[in-house]
Amino acid sequence: MKTFLLLTGVAALSLLSIIAGVPQTIGSIYEDWRLRGWREWNAKVQAAGDEVSAITLADGIDQFEARAAVERYFFTRVSGCGFPTVGKDAGAYWEFETAVGIAGAPGAPIKITKKSGLITSHGYPDSSVEVLKWERPIQPPETTAPSGRGSS
C-alpha cells in the first residue's frame, strides 16, 4: 500500500510538472522573442542616438517605435508627470492608456497610426513622429548645490 501511494504521488508530481511546464515553455518563447526585439531596437537607438530618431516610417510603426513616440508625445504634450501604459495592437494603430499626475489618474488614451505615425489623443494637439523628432521633453531646471557658508 505504501509503495502504491508513493508511486501515485510521484506520478501526480510528474504530471503536474509536465502541465506546469507548458506555459513556461510558451512564456520562454515569448520572452526570447521580446528580448530579441529589444536588442534589435536598442541597436537602432544606439545608431540613431535617440529613440525617436530611430523610428522609420517606411516599414510601419512597430511596438517599440510606437512606445518611444508615445512617450515623447506624452511628456511634450500631455504631462510631465505620469506615463503611458503598455500599448495594445488595435489594427491600424497602437493604443496606449495613460496614467497622469502623481496619483496616476486615468487620462485620455493616445493612439499612433502604424502607417503614417500620426499621434492623437482627445483634448491634446495632434502630432506626428516627424514633428516629435524635433521636440524634446521639458527638462527640469538645473539646480546647483548651495555653496557652504563662510566660503570665500
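Can you tell which of Ser127, Ser121 is without any contact (Cβ under 8 Å) to a residue 60 or more places away in the chain and surrounded by 22 or more Cβ atoms within 10 Å (Cβ to Cβ)?
Details: Ser127 fails: surrounded by 22 or more Cβ atoms within 10 Å (Cβ to Cβ).
Selected residue: Ser121, the only one of Ser127, Ser121 that is without any contact (Cβ under 8 Å) to a residue 60 or more places away in the chain and surrounded by 22 or more Cβ atoms within 10 Å (Cβ to Cβ).
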**Request:** Read through the list (1) farther than 21 Å from Asp50 by Cα; (2) modelled with pLDDT under 80, then give the number of the only condition that Pro140 fails.
**Result:** (1)
**Complete:** Among residues of segment 51-97 being hydroxyl-bearing (Ser, Thr, Tyr) and surrounded by fewer than 23 Cβ atoms within 10 Å (Cβ to Cβ), the residue nearest to Lys115 (Cα to Cα) is Tyr93
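Can you tell me which residues in segment 85-136 are of a type in the set (S, T, N, Q) and in a strand (DSSP E or B)?
From segment 85-136, those of a type in the set (S, T, N, Q) are 85, 98, 113, 116, 120-121, 127-128; that's our starting set.
Result: Thr98, Thr113, Thr120, Ser121, Ser127, Ser128.
The values are calculated or read from the model by the stated rules, or taken from the named source; none is laboratory data. It should be emphasised that the depicted structure is a prediction, and the values quoted were computed from it without experimental measurement. Neighbour counts are summed over all protein chains in view; Cβ atoms, including those assigned to glycine, are modelled from backbone coordinates with ideal geometry.
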